[in-house]
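Derivation of every value follows stated rules applied to the coordinates shown; laboratory data play no part. These figures come from a predicted structure and were not determined experimentally. Cβ: placed from backbone, ideal geometry, glycine included. Neighbour counts: every protein chain shown.
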Amino acid sequence: MRRTPKGLRLHIAIFGRRNVGKSSILNALTRQEVSIVSEIAGTTTDPVEKAMELLPIGPVLFIDTAGLDDIGALGEKRVAKTYKVFERADIILLVSQANVWGEYEEEILEEARRRKTPILVILNKTDLFKPEQDLGPVRSNPPLADAPNGHRGTSNGAKAKLNKEKIPYVETCALNQGWETAAKIKNELIKLLPSDWITPCPIIADLIEADDLIILVIPIDKEAPKGRIILPQQQTLREILDKKATALVVNERNLGKAISNLKQPPKIVVTDSQVFEQVFASTPLDIPVTSFSMLFARCKGDLKQLTEGAKRIDELNPGDKILIAEACTHHPIGDDIGRAKIPNWISERVGSKIGPAPDSQCRVNFDIYSGHDFPSNLKQYKLIVHCGACMLNRKEVLNRIYEAKSQGVPITNYGVAIAYLHNKLERALEPFEKKKRDENEKRLS
Ligand SMILES: Nc1nc2c(ncn2[C@@H]2O[C@H](COP(=O)(O)OP(=O)(O)OP(=O)(O)O)[C@@H](O)[C@H]2O)c(=O)[nH]1
Ligand SMILES: [Mg+2]
């Protein structure tokens, strides 16, 4: 189970001020010394990740962060890194010292609200505070100078506030009741599980039926990883098998022959975007065809918005800046799809719009970002072209789409852009349109 890819894990991020016990909570939950714990504020610097199987929830990725009240030039950088973690958190654990509630805690609550991320507050270090200390209402903005520990609010005050706002919380002592702490948190976590975690959206299962035959076209080129097929292809294959349907896996060279050898046409052909053009050309028009990227754009992102984004390619002009965002940090080889092929196709398209002109005048500028690095100022871009994001969880993909939308920048992804650039978007979308039509018909009958 430890091999479940990160993108498929529930991301649970731990936030709070320095020294409140965030790393102790992580260690209690994992029952391991994953993060260094010390009484020195600012012990955790970079986010610490721990993948594990958290029963009964399943594969999760815990992310311990640096305190949001970190100070100094380095502190600022750490806080910025911590903020990045909000983008991929499916659930937020806000740890506060039991008697402390102030601007930092409010800030985390606000961030969770803004992103519609479920949150659980952990009032830790209950052993340090006697009930008689719990007097007076919470102060929402205690001056930091008063409190390395922000000793202003009281846990009663904090609890009253949380109760009033119906924010779930647990009270813990991570120091010497690790097991109890973990049990309390797990109980509450189960109640907060996002619905797309409980019922994940289908990749292909809703487009096919038992006994259908599906052809998957998987080219084995220089970019194919050694000795295996990539995650989206594995996941699609798994769903076909779960559905009790049959998959025929071919490379692009054998597709035509495979189709003509069949007694019945396949229900659908799904291709890797690398050989999109060839596969669309050699699949008879009466057989539905789409790409793995289109399937994933639908289940992981927002197909409608990514489609609208692709259509904006024709509005680009020479000199415009485009952001290419890749989720993984692979070494580009030869004609890399994101670094060479897509930029070339887009440049050609823009070039053809302005007619004969020296190549230098047709150039569109591309910025490439990879990993969790996604620029915060998107307004400088006329378009964002994102990879299929198999390494990111859905939350992070949706967050990026949301960010792009809120800054008014169109966004598309590799697969949708490739379909559009080859003038095949409509055909690639048809299987999804057909499904919608069938559902409507069923509803009306
Ligand atoms: N008394 C008491 N001490 C605790 C409790 N939980 C953690 N501590 C102690 O508080 C100190 C800070 O704990 P950490 O887990 O390192 O806190 P953190 O929030 O990760 O701190 P930074 O990484 O510096 O932001 C350590 O000395 C812990 O042993 C608790 O429930 N009660
Ligand atoms: Mg820590």
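Just to verify a number: FRET efficiency for ASP367 and ASP221, C-beta to C-beta distance, R0 = 30 Å, to 0.05?
Working: r = 26 Å, r/R0 = 0.87.
Calculated value: 0.70.
Taking each pair of different alpha-carbon atoms in the stretch 379-424 once, compute 1/r for the pair, average those values, and report the inverse of that mean as the Kirkwood hydrodynamic radius in Å to one decimal. Mind dumping the intermediate values first?
On the way: mean 1/r = 0.0887 Å⁻¹.
Computed over the stretch 379-424, the radius equals 11.3 Å.
Report the semi-axes of the equivalent ellipsoid for the stretch 160-234 in whole Å, largest first, where each axis is √(5λ) for an eigenvalue λ of the Cα gyration tensor. Mind showing how you got there, number by number?
Values: eigenvalues 401, 81, 26 Å².
Its equivalent ellipsoid spans semi-axes of 45, 20, 11 Å.
Provide TRP197, TRP101 in ascending order of the number of other Cβ atoms located within 10 Å of each residue's Cβ, fewest first. Could you put the intermediate results ahead of the total?
Numbers: TRP197 18, TRP101 29.
Listed from fewest to most nearby Cβ atoms, that is TRP197, TRP101.
Once the dipole of the stretch 250-298 is set up with Lys and Arg at +1 and Asp and Glu at -1 on Cβ about the Cα centre, which of GLY256, SER291, PHE280 lies farthest towards its positive end?
GLY256
Return LEU216, LEU94 ranked ascending by Cβ neighbour count within 10 Å, so the fewest neighbours appear first.
LEU216, LEU94
Which of the pairs LYS267/LYS435; LYS300/LYS434; LYS243/LYS263; LYS186/LYS300; LYS267/LYS341; LYS22/LYS50 have their Cα atoms more than 23 Å apart in this structure?
LYS186/LYS300; LYS267/LYS341
Let me check against my output: what whole-number percent is the relative contact order of the chain, with C-alpha pairs under 8 Å and at least 6 apart?
Relative CO of the chain lands at 13 percent.
Determine, for HIS11, HIS372, the number of other Cβ atoms within 10 Å of each Cβ, and report the residues in order from fewest to most. The partial results should precede the final answer.
On the way: HIS11 24, HIS372 16.
The most exposed by this proxy come first: HIS372, HIS11.
Helix 342-354 versus the longest principal axis of the chain: what angle, 0 to 90°, nearest 10, using Cα atoms?
The angle comes out at about 60 degrees.
Mind giving me the nanometre distance, one decimal, between the label points for LEU262 and LYS435, set 7 Å out from Cα along Cα→Cβ?
Label at LEU262, label at LYS435, 1.8 nm between them.
On a 0 to 90° scale, report how tilted helix 155-164 is relative to the longest principal axis of the chain, with both axes built from alpha carbons and the result rounded to the nearest 10.
40 degrees
When the gyration tensor of the chain is built from Cα positions, what are the square roots of 5 times its three eigenvalues, in whole Å, from largest to smallest? Intermediate results must be reported in sequence, preceding the final value.
On the way: eigenvalues 431, 134, 71 Å².
Semi-axes, largest first: 46, 26, 19 Å.
Calculate for the chain the 222 nm mean residue ellipticity that helices alone would give, adding -39,500 (n - 2.57) per DSSP H run of length 4 or more and normalising by residue count, nearest 500 deg cm²/dmol.
Values: 16 runs with 167 residues, N = 445.
When only DSSP H runs of four or more count, the value is -11000 deg cm²/dmol.
Could you state the orientation-averaged shadow area of the convex hull built on the Cα atoms of the stretch 299-421, in nm² to one decimal? Walk me through the intermediate numbers first.
Working: hull surface 28.9 nm².
If you wrap the Cα atoms of the stretch 299-421 in a convex hull and average its projections, you get 7.2 nm².
Could you list the GluC sites (Glu not before Pro) in the stretch 33-100 that lie in coil according to DSSP, counting only those with at most 11 other Cβ atoms within 10 Å of their Cβ? Walk me through the numbers on the way to the answer.
Values: sites: GLU33, GLU39, GLU49, GLU53, GLU76, GLU87; in loops: GLU33, GLU39.
Here the GluC sites (Glu not before Pro) that fit, given the DSSP loop and packing criteria, are GLU33, GLU39.
Taking 25 Å as R0, compute the FRET efficiency from the Cβ-Cβ separation of LYS379 and LYS81 and round it to 0.05.
Values: r = 22 Å, r/R0 = 0.90.
Given R0 = 25 Å and the Cβ-Cβ separation, E is 0.65.
For ARG17, what residues show an amide H to amide H distance below 5 Å, using hydrogens built from the backbone and excluding near sequence neighbours?
Under 5 Å from the amide H of ARG17: LEU68.
Could you give the length gained on full extension between ARG443 and ASN317, defined as 0.36 nm per residue of separation minus the Cα-Cα distance, in nm? Mind dumping the intermediate values first?
Working: separation 126, 0.36 × 126 = 45.36 nm, distance 4.45 nm.
The span from ARG443 to ASN317 would gain 40.9 nm if fully extended.
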